[in-house]
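Written below as structure tokens is the structure these notes are about.
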Amino acid sequence: MSLCASNPCKNGGTCIPNYMNNCYNCLCGERFLGNNCERVPCKFDFENGIDEWKRTGTVFDNQPTYGDNPTARNRGPSNHQGDWWIGGAEHRPNISSAPGKFQSGGGDGPQGTLTSPTFNVIGQTISFLIGGGCDVNVVRAELIVGGQAVRNKTGQCKETMTRKK
Ligand SMILES: [Ca+2]
């Protein structure tokens, strides 16, 4: 019987039998990971929701935000990538939601943190889009290495996000 007879590779992965070691390997498609291609890698673009990011507080309860919500109230552009992004003051959690609304609790009122899964930094540079406030003591993105925030950046006191390194 082939080592691949049970179709062990999920999500369209290709099973490659290894008769020498009596095992198999899965060659996974671009969007899947794991020994059996069973895992969807965490994305950092929020195009498929909030993925495995961990929330505290309430500010991220209705995220991600769809489309250029700030422009709908003449405060844009948001400069977001794709269709979805994280806007702590924004309330447009569905494509069908009315554009331009603030979070309940009053825009910037709700607080909290949003922490990504662990990832490897490959190369010399990491960058991200950030907007909103401009006081690093109040709103910021942090790069945490070994439990310590080793870098932080904030926005430019407007809804338009800019790329920070
Ligand atoms: Ca996005």
* Asked: Just for region 28-76: of the residues that are among the hydrophobic types (A, V, I, L, M, F, W, C) and under 26 Å from G107 (Cα atoms), which one is surrounded by the fewest Cβ atoms within 10 Å (Cβ to Cβ)?
  -> F44
* Asked: Would you say K54 is touching a residue at least 60 places away in the same chain (Cβ under 8 Å), away from the ligand (no atom under 16 Å from the Cβ) and in contact with a strand residue (DSSP E or B) (Cβ under 9 Å, 6 or more places away or on another chain)?
  -> yes
* Asked: Among the residues of region 23-33, is any touching a helix residue (DSSP H, G or I) at 6+ places or on another chain (Cβ under 9 Å) and either more than 15 Å from the ligand (Cβ to nearest atom) or in a loop (DSSP other than H, G, I, E, B) (or both)?
  -> no
* To do: Among the residues of region 69-122, write down those that are within 15 Å of the ligand (Cβ to nearest atom) and not in a loop (DSSP other than H, G, I, E, B).
  => P70, W84, W85, E90, L114
* Residues in region 33-42 that are under 7 Å from G13 (Cβ atoms) and modelled with pLDDT under 85: how many? -> 0
* Of the criteria (1) within 30 Å of T154 (Cα to Cα); (2) of a type in the set (K, R); (3) away from the ligand (no atom under 13 Å from the Cβ), which one R39 fails -> (1)
* Structure fact -> Here the residues within region 122-165 that are over 22 Å from T56 (Cβ atoms), among the β-branched types (V, I, T) and in contact (Cβ under 8 Å) with a residue 12 or more places away in the chain are T125, I126, T160, T162
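The values are calculated or read from the model by the stated rules, or taken from the named source; none is laboratory data. Given the structure is predicted, the values throughout are model-derived calculations rather than measurements. Glycine gets a Cβ as well: all are built from the backbone with ideal geometry, and neighbour counts include every protein chain shown.
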